[in-house]
Every structure is written in C-alpha cells, then in structure tokens.
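Below is one structure, written out as structure tokens, with a few remarks after it.
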2 protein chains.
Amino acid sequence: MSIKIEDVAREAGVSTATVSRVLAGKPYVSAELRRRVLEAARTLNYRPSRVARSLRVQRSSIIGLIISDIQNPFFTSIVRAVEDVAQQQQYPVFLCNSDEDSEKEATYVELMLAEQVAGLIVAPTAHSNNLYRKLVAMQMPVVAIDRRVSGVAMDMVVCDNVRAAREVVSHLVESGYRRIAAVLSALEISTGAERYQGYVEALTSHGLAVQAELVRTGSPRTPNGYAMTMDLFQQSPPPDAIFTGNNLLTVGALHAIHDLGLRIPEDIGFAAFDEMDWMFLVKPALTVVKQPTYEMGRRAAELLLQRIADPTRPAQIVTLQPTIKLRESSRRLI
Amino acid sequence: MSIKIEDVAREAGVSTATVSRVLAGKPYVSAELRRRVLEAARTLNYRPSRVARSLRVQRSSIIGLIISDIQNPFFTSIVRAVEDVAQQQQYPVFLCNSDEDSEKEATYVELMLAEQVAGLIVAPTAHSNNLYRKLVAMQMPVVAIDRRVSGVAMDMVVCDNVRAAREVVSHLVESGYRRIAAVLSALEISTGAERYQGYVEALTSHGLAVQAELVRTGSPRTPNGYAMTMDLFQQSPPPDAIFTGNNLLTVGALHAIHDLGLRIPEDIGFAAFDEMDWMFLVKPALTVVKQPTYEMGRRAAELLLQRIADPTRPAQIVTLQPTIKLRESSRRLI
DNA sequence: CTGTTAGCGCCTTCAG
DNA sequence: CTGAAGGCGCTAACAG
C-alpha cells in the first residue's frame with residue numbers, strides 16, 4: 001500500500017540497512033550514498049512507519065499525558081507546555097482524562113503500556129501510589145505533575161503550596177479578617193492537604209484557632225465550590241473571609257458570593273488560587289495565587305525526556321514558586 | 001520482556017491462533033478452549049501489544065485530534081467529548097495543537113499518518129483544503145469540526161453560524177443600536193466568514209449600511225480582541241454596540257470595555273459568541289451565542305467511528321444550532 | 001563503510 | 001473447530 005523502506009532502497013540502489021542508517025542520522029555512511037538515499041526518499045515521498053519501528057525497538061516515540069480535567073485551565077496550560085516541548089522532538093502526545101477517578105487512571109496507564117509509550121506524565125489522583133510504584137519498578141519513565149506521590153522515588157514537578165497558602169491567608173488575617181473560611185479540594189490530594197496546612201499555619205501563627213466548621217473540602221469542581229460556599233454562609237455568624245484552594249472552587253465561590261449579593265472586599269475578604277484569565281473584572285479586590293502552569297508542564301516534559309534518555313538518573317523533585325498578588329489596599333482592622 | 005501471546009498459548013495448552021481468536025472474540029472456538037485461554041491470560045496478566053497488532057493489521061486503534069488552541073474552552077469541551085466516546089471503544093486520543101498554523105497542521109497530519117491512526121478529527125486552519133482532499137483520496141477517515149473545508153466531500157460537524165450571528169445582531173438593531181461594530185476572526189476561516197455574513201444580513205435587512213470602519217478581523221486570540229476593540233473606539237463617533245464573533249475575542253473586548261470605563265448595556269450594547277463559564281458576572285447585560293461544543297465533539301467522534309467501520313459511507317454534514325440568549329430588557333430607541 | 005538476515009508480537013490464511 | 005506458518009516494516013547485529 002504505502003511506500004516502504006525497501007522501495008526506497010531499490011530506488012537508491014542500496015540496501016534497506018543503509019536507508020535506515022541514513023534516515024536515523026547514523027554515522028558511517030558515505031556522502032554519496034547518503035545523498036542518493038535522501039533523494040530517493042524525497043522523490044518517493046517516503047514516510048517511515050512509526051509502528052514498525054516501535055515494534056522493532058520495543059518502544060514508541062509517544063508521550064502519555066494523564067490529567068484529571070481537560071477543561072480546567074490549570075491543566076490545559078500544562079498540556080500546552082508538554083505539547084510544545086514534545087513536538088520539538090517529534091513526540092506525539094496521548095492525552096487522557098482521568099476525571100479524578102483512580103480506576104480510569106489505571107485503565108489509561110494500562111492502555112499506554114500496551115501502546116509502549118516512551119514515558120508518562122501524570123497528575124496522580126488520590127490513592128494511586130501503588131500504581132506508580134509498579135511503573136517505577138518496571139523502569140517506565142514517569143513523572144508526576146502538580147501532585148506528589150508519597151513513598152515512591154519518582155520525578156515530580158510541584159508547587160510550594162504550603163507557603164503560598166500561608167502567605168495569602170496571613171494577608172487576610174493582617175487585613176483584619178477573623179472568621180476565615182477555607183474551601184479546599186479533598187485532603188487526600190496532596191495539593192489540598194498542603195494548602196490546608198498553609199491555612200492552619202497562618203491562623204495559628206497569628207494566634208487564631210482553626211475552626212472545623214469553617215473548613216470545607218470536596219472534589220475540585222465549580223459546582224462544589226458554589227455549594228460549599230453557600231453552605232458556609234448558612235452559619236451565624238458567617239465567615240468574614242474566604243480562602244479557596246483551587247481555581248475551579250474559586251469560580252464557584254465567586255459565583256456564590258455574587259448570588260449572595262456580597263461585595264469583595266467590602267463585605268467579605270477573598271484570597272484564592274486562580275488560573276483564569278478574566279480576573280480583570282474582580283482583580284483589584286482579590287488576593288491571588290497564580291501557579292506557573294506552563295513552566296510546570298515544560299519542566300515535567302524536560303524531566304521526562306531526560307529520564308527516557310537516561311533511565312538510571314536519580315529521581316528529582318522540582319518545586320516551583322507560585323506568584324502571589326496581594327490585594328493592594330488594606331482595610332478595616334476588625 | 002513482557003508476556004506475549006505465545007506464553008499464553010503455552011499456558012493454556014493451545015496454539016497462538018486460538019488465543020488470538022478468543023481474545024478477538026471470534027466465533028468457532030470451543031467453550032472449553034475459550035475458558036482455558038481466558039484463564040491463562042488472566043493468570044499471566046497478559047496485555048496484548050497494540051503496537052504489534054497495529055503493524056499486523058496495518059492500522060492502529062488511535063484517534064487523532066487536531067485543534068487550533070488547547071487553551072480555548074471551546075476546544076477543550078470538544079476534546080472532552082471526543083475523549084469520552086473514544087474511551088468507550090478503547091481508542092486512545094492523540095491530541096495536537098495546530099496553533100492556527102497550517103504548516104504545523106500538516107506536520108501533525110504527517111505524524112498521525114506515520115502512526116497509522118484509525119482516523120482523524122480536525123478543526124482545519126485556513127488554506128488547508130488540499131491537505132484534506134489528499135487524505136480523503138487516500139481513504140483516510142477524517143472529519144472536520146467547527147470549520148468547513150470547501151470543495152472537499154468529507155464529514156463535517158459545524159454550527160449554523162450565519163443564523164446565530166444574524167439573530168443576535170438583529171437584536172442589537174432592534175434594541176436601538178445603530179453603530180454596531182464587529183470584532184471577528186479572520187474571514188479565511190469559515191466561521192469568521194459566516195458570522196460576518198450574518199452580521200451583514202442583519203444590518204441590511206434592517207436598512208442599515210455596512211461600514212467598513214466598524215469591522216475588524218484578526219486571529220482569534222484574547223489580546224487581539226482587546227486591541228481591535230480599543231482601536232474601534234479611536235473613531236468618532238465611536239460604535240454604540242459591539243458584536244464579537246469568537247469567544248476569545250469576546251474576552252478581550254470585554255476587557256477593553258472595562259478598561260475604557262464603559263458599562264454594558266448603559267454605555268454600549270454587546271452581543272457575543274461565548275464559551276466561558278464565568279458570565280454570571282456580566283450575564284444579564286449580554287446577548288450571547290453559546291455553541292453546543294460537547295455535542296459537536298460527540299457527533300464528530302461518532303461520525304468518525306462510523307466511517308472507520310464503513311469507509312464507503314457518503315460524506316455527511318451535521319449542522320447544529322447554537323443556543324441564543326437575548327439580553328432580557330430592551331432599551332433606548334436611539 | 002555496506003549488505004544480509006533474523007526477528008519484534010500479532011493476525012490470518014490455509015490445511016487438517 | 002484448531003494448529004502451523006508467513007509476513008506487516010523496520011532495525012541491529014553480524015559479516016564482508
């Protein structure tokens with residue numbers, strides 16, 4: 001059906017091995033033959049079968065990328081970055097949505113293994129340590145992004161969540177807020193746990209108590225952010241400030257606050273993890289943590305390519321610092 | 001290294017052919033052998049090599065998806081849909097970003113062909129007709145999404161853009177606006193052209209002239225929307241309403257209007273194509289076209305799977321209707 | 001430097 | 001109904 005290496009070899013009057021060598025850029029081929037092969041390949045419009053090649057070398061040139069929500073701007077930015085660096089090396093990217101579901105995640109990993117991917121970048125869901133322990137054990141290059149995998153020596157790219165959360169919550173306290181609620185993703189996800197820890201550290205270091213009724217956790221989806229925030233305002237007295245530890249929860253919380261008719265920062269303080277590009281509408285009023293998402297994706301892809309090239313390199317953990325934008329004006333002191 | 005079909009055959013005491021038949025769900029295998037094979041496969045934890053399979057059958061079970069901007073919510077929703085239906089059939093999805101660049105697009109198509117993808121879903125860039133004509137000629141299953149490919153008989157999933165644009169612009173006219181500007185993507189992209197046509201139809205059918213100085217086109221990116229809108233307001237008199245024909249341009253235009261200190265709809269009318277989920281902040285003031293993105297992705301994936309199953313089926317064009325939400329209150333009559 | 005050859009793991013005739 | 005055997009297109013020894 002399509003042109004094979006043999007056709008090129010015949011056209012150029014050489015053997016298939018020579019064609020293979022030339023196209024792989026291997027040395028030890030005379031300039032003359034190289035020229036003839038290149039020309040033959042071009043005139044025949046030869047396109048090497050990556051499938052056959054993968055079978056032969058027992059590894060494809062495909063990067064697998066498993067994230068938990070393709071519609072979350074946080075992840076799309078990562079996808080974009082991974083794409084960009086992969087493309088430079090002619091690696092196509094398999095994209096999969098785990099949907100925060102560790103079974104789907106495992107299924108996709110299986111699929112990737114069956115496709116012999118060269119390596120895997122994953123935003124792990126909760127409770128998937130064993131899966132990655134296995135992958136590492138079988139020498140599959142894999143790097144975790146955004147979330148840590150505890151107890152497994154593997155490459156990771158994460159943010160300094162504790163510090164970021166501590167700083168923005170501290171800023172709320174120092175702005176005079178006292179009943180600061182937290183809207184977080186599940187604490188089984190490392191990011192949720194770390195941001196909670198930062199929240200706790202900020203409160204306690206300012207002599208404030210952590211009140212369980214002011215903390216809500218749930219899966220990181222916009223409707224959840226809305227519901228949790230609404231729920232928080234059922235109490236009396238209600239919170240006087242909100243800290244949201246995830247960008248989708250942030251959207252939900254803002255929506256709730258909008259529907260409650262509250263204004264920021266007059267009626268309520270707000271500090272948020274955010275990745276949206278439309279904050280110009282509310283920007284001046286918010287204290288915001290912005291993660292370096294593109295950078296995270298880029299670093300993850302680079303780590304992966306490195307490991308593919310050298311599977312024995314010791315595992316690295318790259319920790320990046322989010323950008324923090326404090327709300328400009330300070331205000332009432334209780 | 002890993003378990004192969006031969007190992008399973010030995011374990012089950014049958015031939016590899018039988019194993020292959022059982023695992024492919026083919027008939028004509030005795031219940032007894034089938035049972036033994038299944039058991040052997042399970043105990044060995046056999047994972048068939050999809051690469052070897054692809055080489056043998058000369059086609060992989062991979063769906064290629066080429067879109068122009070992974071960070072655009074319009075496309076992420078499509079990606080999500082394609083993913084969902086592909087996953088049901090155990091098709092992994094190759095995702096590529098053409099970045100609105102037809103060279104990148106062509107490169108990616110090449111890559112996909114080399115990986116022997118089963119089929120391709122593409123949001124075509126401008127000027128790529130020949131590429132798709134070729135694919136169709138070589139029997140590669142391919143469906144265009146969002147944008148039309150003119151002069152090529154292929155499957156497409158598009159929206160009724162002319163109608164949607166005409167309706168929302170008509171609504172602006174009927175609300176009393178007279179200097180209605182248009183902020184559109186390049187007219188070489190079918191969606192841009194169609195929305196421009198709707199705009200023209202709305203104006204002329206209401207006896208208004210189309211004024212070239214009120215029309216701006218450019219590549220569909222947020223900063224462009226900002227710049228084009230700012231530019232429109234350099235004129236005197238300035239426009240009294242804006243129609244944006246793309247969701248990213250909408251964001252940019254809103255940002256510009258915000259920076260200009262204008263209020264919607266008091267100072268300026270606004271009708272927009274939009275896919276953002278945060279419109280609650282400005283929603284009541286806008287007239288909005290929302291495309292059925294998930295549905296589009298789903299239909300495209302279904303068309304593709306159909307065509308993979310039956311390459312001879314005649315090409316279909318699926319046209320979906322966007323949802324239109326008119327701004328509730330009407331207002332001044334000039 | 002170049003060519004010959006033996007598989008990579010699977011599916012699919014073709015015999016039995 | 002089942003097994004034996006020949007490739008799919010390519011690369012990596014191994015000879016020359």
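Looking at segment B:100-109, can you tell me whether even one residue there is more than 7 Å from chain A (Cβ to nearest Cβ), over 29 Å from B:PRO223 (Cβ atoms), surrounded by 22 or more Cβ atoms within 10 Å (Cβ to Cβ) and of a type in the set (A, V, I, L, M, F, W, C)? So that I can check it myself, show each step before the final result.
Step one: filter segment B:100-109 for residues more than 7 Å from chain A (Cβ to nearest Cβ), giving B:100-109.
Those left that are additionally over 29 Å from B:PRO223 (Cβ atoms): none.
The answer is no; no qualifying residue exists.
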* Structure fact -> Residues in segment B:63-78 that are touching a Ser or Thr at 6+ places or on another chain (Cβ under 9 Å) and either closer than 19 Å to B:TYR108 by Cβ or more than 8 Å from chain A (Cβ to nearest Cβ) (or both) total 11
* Residues of segment B:5-61 satisfying the condition of being within 10 Å of DNA strand C (Cβ to nearest atom), closer than 24 Å to A:LEU113 by Cβ and among the basic types (Lys, Arg) -> B:ARG21, B:ARG47, B:ARG50, B:ARG53, B:ARG56, B:ARG59
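Could you go through segment A:8-15 and let me know if any residue there is more than 8 Å from chain B (Cβ to nearest Cβ), acidic (Asp, Glu) and away from DNA strand D (no atom under 15 Å from the Cβ). Please lay out each step first, then the result.
Pass one, segment A:8-15, residues more than 8 Å from chain B (Cβ to nearest Cβ): A:8-15.
Right, trim to acidic (Asp, Glu) and you get A:11.
Now restrict to residues that are away from DNA strand D (no atom under 15 Å from the Cβ): none.
No, every residue in segment A:8-15 fails to be more than 8 Å from chain B (Cβ to nearest Cβ), acidic (Asp, Glu) and away from DNA strand D (no atom under 15 Å from the Cβ).
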* Structure fact -> Pairing a residue in segment A:294-315 that is assigned to a helix (DSSP H, G or I) with any residue that is of a type in the set (Asp, Glu), where Cβ atoms lie under 7 Å and the two sit 6 or more apart in sequence or on different chains, gives A:MET296/A:ASP146; A:LEU303/A:ASP155; A:ARG307/A:ASP155
* Asked: Does segment A:175-195 include one or more residues that are farther than 27 Å from A:ALA144 by Cα and without any contact (Cβ under 8 Å) to a residue 40 or more places away in the chain?
  -> no
* Asked: Within segment B:214-222, can one find any residue that is outside any loop (DSSP other than H, G, I, E, B), touching a residue at least 12 places away in the same chain (Cβ under 8 Å), within 20 Å of the chain's Cα centre (by Cα) and closer than 16 Å to B:PHE273 by Cβ?
  -> yes
* **In segment B:232-271, the residues that are surrounded by fewer than 17 Cβ atoms within 10 Å (Cβ to Cβ), of a type in the set (Ser, Thr, Tyr) and part of a helix (DSSP H, G or I)** => none
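Please work out if A:VAL289 is modelled with pLDDT under 95, touching a Ser or Thr at 6+ places or on another chain (Cβ under 9 Å) and assigned to a strand (DSSP E or B). Outline the logic, then answer.
Working: modelled with pLDDT under 95: yes; touching a Ser or Thr at 6+ places or on another chain (Cβ under 9 Å): yes; assigned to a strand (DSSP E or B): yes.
Judged against the criteria, A:VAL289 is a match.
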* Which of the residues belonging to segment A:20-31 are within 15 Å of DNA strand D (Cβ to nearest atom), free of Cβ contacts under 8 Å to residues at least 12 places away in the same chain and either more than 38 Å from the chain's Cα centre (by Cα) or within 14 Å of chain B (Cβ to nearest Cβ) (or both)? -> A:PRO27, A:TYR28, A:VAL29, A:SER30
* Hey, could you check segment B:146-191 for residues that are assigned to a loop (DSSP other than H, G, I, E, B) and basic (Lys, Arg) and say which is nearest to B:SER219 (Cα to Cα)? => B:ARG147
* Say whether the condition of being within 16 Å of DNA strand D (Cβ to nearest atom) and among the aliphatic types (A, V, I, L, M) is met by at least one residue in segment A:60-71. => yes
* Asked: Counting only residues that are surrounded by fewer than 22 Cβ atoms within 10 Å (Cβ to Cβ) and β-branched (Val, Ile, Thr), which one in segment B:181-231 is modelled with the lowest pLDDT?
  -> B:THR222
* Asked: Can you tell me which residues in segment B:45-75 are touching a residue at least 12 places away in the same chain (Cβ under 8 Å), closer than 19 Å to A:SER2 by Cβ and not hydrophobic (A, V, I, L, M, F, W, C)?
  -> B:SER54, B:GLN58, B:ARG59, B:SER60, B:SER61, B:GLY64
* With respect to B:GLY64, determine if the residue is more than 30 Å from B:LEU249 (Cβ to Cβ) and more than 8 Å from DNA strand C (Cβ to nearest atom). => no
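Among the residues of segment B:43-50, is any within 14 Å of another protein chain (Cβ to nearest Cβ), small (Gly, Ala, Ser) and surrounded by 14 or more Cβ atoms within 10 Å (Cβ to Cβ)? Steps first, please.
Pass one, segment B:43-50, residues within 14 Å of another protein chain (Cβ to nearest Cβ): B:45-50.
Then drop every residue that is not small (Gly, Ala, Ser), which leaves B:49.
From the residues that got through so far, the ones that are surrounded by 14 or more Cβ atoms within 10 Å (Cβ to Cβ) too are B:49.
Yes: segment B:43-50 contains one or more residues that are within 14 Å of another protein chain (Cβ to nearest Cβ), small (Gly, Ala, Ser) and surrounded by 14 or more Cβ atoms within 10 Å (Cβ to Cβ).
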* To do: Run B:GLU105 past the list (1) away from DNA strand C (no atom under 16 Å from the Cβ); (2) more than 27 Å from B:SER128 (Cβ to Cβ) and report the number of the one that doesn't hold.
  => (2)
* Asked: Of all residues in segment B:81-95, which are surrounded by 18 or more Cβ atoms within 10 Å (Cβ to Cβ) and touching a Leu at 6+ places or on another chain (Cβ under 7 Å)?
  -> B:VAL82, B:PRO92, B:VAL93, B:PHE94, B:LEU95
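The values are calculated or read from the model by the stated rules, or taken from the named source; none is laboratory data. Remember, predicted model here, so these are calculated numbers, not experimental data. A quick note on method: Cβ atoms are made from the backbone with ideal geometry, for glycine too, and the neighbour counts reach across all protein chains shown.
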